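Report on one structure; see the data block that follows.
Throughout, read-outs are computed from the coordinates displayed, never taken from laboratory work. As the structure is a computational prediction, the values presented were derived from the model and not from experiment. Quick reminder, even Gly has a Cβ in these numbers, built from the backbone with ideal geometry, and neighbours come from all protein chains shown.
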Amino acid sequence: MPVIGMKFDSIEGKRGNEAPKGEIKVNSTPKITSIKEVDIAPFGKKALAVNFDFSTNYTPDIGEIRITGEILYTTDLHDKVLKEWKDKKTIPETASVEILNHLFRHCLLKIVNISEDLQLPPPISLPRVRPKRKEKS
């Protein structure tokens, strides 16, 4: 996997004052905020520092959890990613898929714990164990 490192710069969570009424919708959205080239001395090569903002919002407005940070990413498409980001603020699909999948995996796991502390619903459906049904004889 071309993601060689990840760090969180900030983690913010807040719970609204009002009790939720009715259905609660949870929406998690990753956003790439900047990309720059960096030297990775131990590997003797360059990587891309991809800054991100990952937000989980609740509707109605009962809370929000936000994580910002940076991913170090290496790819054979290094120059293409930089050029496309500079020109259009987008990145090629192959790089986008790898980066976004990494963000969803790591950020959602962190947000599950924070949501529990804030007494908010988790951002993903967790499996539930149910008792076995008794068979009728």
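See the values below:
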quantity: With at most 15 neighbouring Cβ atoms within 10 Å, loop GluC sites (Glu not before Pro) (DSSP) excluded, longest segment of the chain; calculated: 24-134
quantity: The range 3-117: relative contact order in percent, alpha carbon pairs under 8 Å with at least 6 residues between; calculated: 30 percent
quantity: Cα pair distances of the chain binned at 5 Å [whole percent]; calculated: 2, 9, 17, 17, 14, 12, 10, 8, 5, 3, 2, 1, 1, 0, 0
quantity: Estimated FRET transfer efficiency when R0 is 35 angstrom, pair Asp61-Lys89 (beta carbons, to 0.05); calculated: 0.80
quantity: Gaussian network model of the chain, Cα within-10 Å springs - most flexible of Asn101, Asn17, Asn57; calculated: Asn17
quantity: FRET efficiency estimate (nearest 0.05) - Cβ-Cβ, Ala19 to Leu82, R0 35 angstrom; calculated: 0.15
quantity: Sparsely packed trypsin sites (Lys or Arg not before Pro) within the range 1-48, loop by DSSP, other Cβ within 10 Å at most 16; calculated: Lys21
quantity: Exposure proxy order (Cβ contacts within 10 Å, fewest to most) of Arg130, Arg105, Arg66; calculated: Arg130, Arg105, Arg66
quantity: GNM result for the chain, Cα springs below 10 Å: residue of Leu77, Leu108, Leu100 fluctuating most strongly; calculated: Leu77
